[in-house]
Amino acid sequence: MARRVGLEVSLACAEAVKLCNADVIAAYPITPQTHIVEHLSELVADGHLDAEFVPVESEHSAMSACVGSAAAGARTFTSSSAQGLALMHEMLFIASGLRLPIVMAVANRSLSAPISIWNDHSDIMAERDIGWVQTFAETGQEVLDLMLHAFKVAEDPRVCLPVAVNLDGFILTHVIEPMEMPDQAEADAYLPPFVPSQSLDPAAPVSMGMVGMPEVYTEAKKAALVALEDSYPVIKEHWEGFAEQFGRSYKPIETYRTEDADTLFVTMGSLGETCMTAVDEMRQDGKSVGQVRIRLWRPFPDEDFMAAIAGAKNLIFIDRALSPGVAAGPVATEMRALLYTKGKNMFTANFVCGLGGRDVTRTDFAGMLAKVEAAAAAGNEITCEMVGVKE
Amino acid sequence: MIEVRFHGRGGQGAVTSAELMALAAIEEGKYAQAFPSFGPERRGAPLQAFLRISDEPIRLREKIYEPDIVLVLDPSLLATGGVKIGLKPHGTLVANSAKPIEAVRGECGFEGRTALVDASLIAEEELGVPITNTTMLGALLKASGLIALDSIKGPLDHRFGKIAEKNWKALNRAYNETIIEE
């Protein structure tokens, strides 16, 4: 039976990896991911999790070890953050290119310089094109649940792709909160043992990581692209299965009070809940406002997004990262391109906030709405504005 | 929802006391969040920890700007100016101090409801160290009734093991010795 527990979200993430019976964990500690791998290291050392913990000397080695162990057919986990994720960069493409079902928890943090250990999304936004499935959690419970879902999706023979679960550094990783912790039997019922489609086995040799000559490289990339696109129905299917078994449902795009709303905030990650409460308060003040949350970032669920915003007049895209030299943050840039290709012409605003751990409050959301109301009335787009810059 | 801000110094266990409260509240079936002031920890430096307790799910991830309760673990922090910032006028200050109420009010500038206990003395006598985090929980529970006194016992035992009993005794002594000025 599941138990209601109070737990730091990082520890819940590690406990989820234990429930998933990971075989190999290769990781290098980096704030704010540290508690996740510390706890896993403890679980392995104390004999609570029968896994190989590989304390590598860098994140590049962590992902390299993960590639090797997943290729050998082991259920493989790692976790990183910021500069650590950046140091993995070249190996991340290899993990997806080789179709290896590695699961990684990314404790989202800003990239230096200046040195910052605090939260934003600049680490994962720099890794948008790695070919991994990418999801975002908003609460501790979601971190726990998305970890189980991540292994289920990654190892599904129809998918065979690595999955990154994003959780905001500190804002989620370092918070103690209540959650439902499934027991081992429940986790096992959802996630059966990993049966690799193919693995490195001296008894039945295969080659992995071959050279892709110009005659085949394009085709290999096309195949990887299709694999990521085709993971979409499987991702949904396993969320539906999760809801049936655990009673908690997840969607690629989540909506809150979008019916009859003129203006919608579009958020990702831990801003979701604060924005939701801000929406409640703005509604009390008579504002016609709602919220859309992007849970599945890759593959991006175009149709779900378009359905979620169908009734709205104005969209407010919240970015937690910059895309220097381009007119807007990464989320807004992509979403505007999507609207254009779908022939949807509507007012959009982009706000970049919460960089390097700057708090984002209900008051900030109210301020954004006020600006949007004024700009929309005047017919001026808010191309991109950084919130709260001290000038 | 009740919001609490803890003021302590690195190494005094402010984060632990916020955590213990959250765990106890969750055990009671309530909703709770405990989190540190995010960042690197420096021993002796002033730091804050935060706690929310509610009967409803908590859908907020912003910091606490207008606490209902401020708890001060270290008497030397009372006069540094940060204690009363944002504290609601009808809120409660729970402070560790050996001084009389007038002196504490003079130091921190908060004129509202105040709960006082000499936690440093109690911690020295009961624990043998000037670490007041568990002791001050006794004062917090007396002043707030946020959770039942007995609810903190489980998390305390789990966290402190062999030395839990001493901490429990200190906590209870503080609970009994806390004076509340309305």
Residue satisfying all of: in the stretch A:131-182; over 24 Å from residue A:109 (Cβ atoms) and within 14 Å of another protein chain (Cβ to nearest Cβ); surrounded by the most Cβ atoms within 10 Å (Cβ to Cβ) among these
A:178
Subset tally (residues that are facing chain A (nearest Cβ under 7 Å) and surrounded by 24 or more Cβ atoms within 10 Å (Cβ to Cβ)) for the stretch B:24-46:
5
Any chance residue A:43 is among the hydrophobic types (A, V, I, L, M, F, W, C) and within 14 Å of another protein chain (Cβ to nearest Cβ)
no
Go through the stretch B:43-87 and count every residue that is farther than 23 Å from residue A:172 by Cβ and touching an Asp or Glu at 6+ places or on another chain (Cβ under 6 Å).
4
Among the residues that make up the stretch B:132-141, is at least one of them outside any helix (DSSP H, G or I) and buried (at least 21 other Cβ atoms within 10 Å of the Cβ)?
yes
Whichever residue in the stretch B:1-23 is surrounded by 19 or more Cβ atoms within 10 Å (Cβ to Cβ) and part of a loop (DSSP other than H, G, I, E, B) and, among such residues, is nearest to the other protein chains (Cβ to nearest Cβ)
B:13
Return the only residue of B:95, B:49, B:119 being within 14 Å of chain A (Cβ to nearest Cβ), among the aliphatic types (A, V, I, L, M) and either surrounded by 21 or more Cβ atoms within 10 Å (Cβ to Cβ) or on the phi > 0 side of the Ramachandran plot (or both).
B:49
Where a residue in the stretch A:348-366 is closer than 25 Å to residue A:286 by Cα and its partner, wherever it lies, is aromatic (Phe, Trp, Tyr) and part of a loop (DSSP other than H, G, I, E, B), with Cβ under 8 Å and at least six apart
A:361/B:65
Residue A:270: surrounded by 13 or more Cβ atoms within 10 Å (Cβ to Cβ), under 22 Å from residue A:106 (Cα atoms), within 14 Å of chain B (Cβ to nearest Cβ) and in contact (Cβ under 8 Å) with a residue 24 or more places away in the chain, yes or no?
yes
Filter the stretch A:167-201 down to the residues that are part of a loop (DSSP other than H, G, I, E, B) and among the acidic types (Asp, Glu), then identify the one that is modelled with the highest pLDDT.
A:183
From the list A:229, A:254, A:240, which one is among the charged types (D, E, K, R), on the phi < 0 side of the Ramachandran plot and crowded, with 19+ Cβ neighbours inside 10 Å?
A:254
I'd like to verify a number: residues in the stretch A:284-306 that are more than 14 Å from chain B (Cβ to nearest Cβ), farther than 21 Å from residue A:235 by Cα and either of a type in the set (D, E, K, R) or outside any helix (DSSP H, G or I) (or both), how many?
6
Looking at A:69, A:58, which is the one that is more than 19 Å from the chain's Cα centre (by Cα), closer than 26 Å to residue A:222 by Cα and at pLDDT 95 or above?
A:69
Condition first: of a type outside the set (A, V, I, L, M) and over 12 Å from residue A:330 (Cβ atoms). Now tell me which residues in the stretch A:110-122 satisfy that.
A:110, A:112, A:114, A:116, A:118, A:119
What are the residues in the stretch A:64-93 that are in contact with a helix residue (DSSP H, G or I) (Cβ under 9 Å, 6 or more places away or on another chain), part of a helix (DSSP H, G or I) and closer than 21 Å to residue A:21 by Cβ, if any?
A:66, A:67, A:70
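The values are calculated or read from the model by the stated rules, or taken from the named source; none is laboratory data. Model, not experiment: these values are computed from the prediction. No Cβ is skipped: glycine too gets one built from the backbone with ideal geometry, and neighbour counts run over all protein chains shown.
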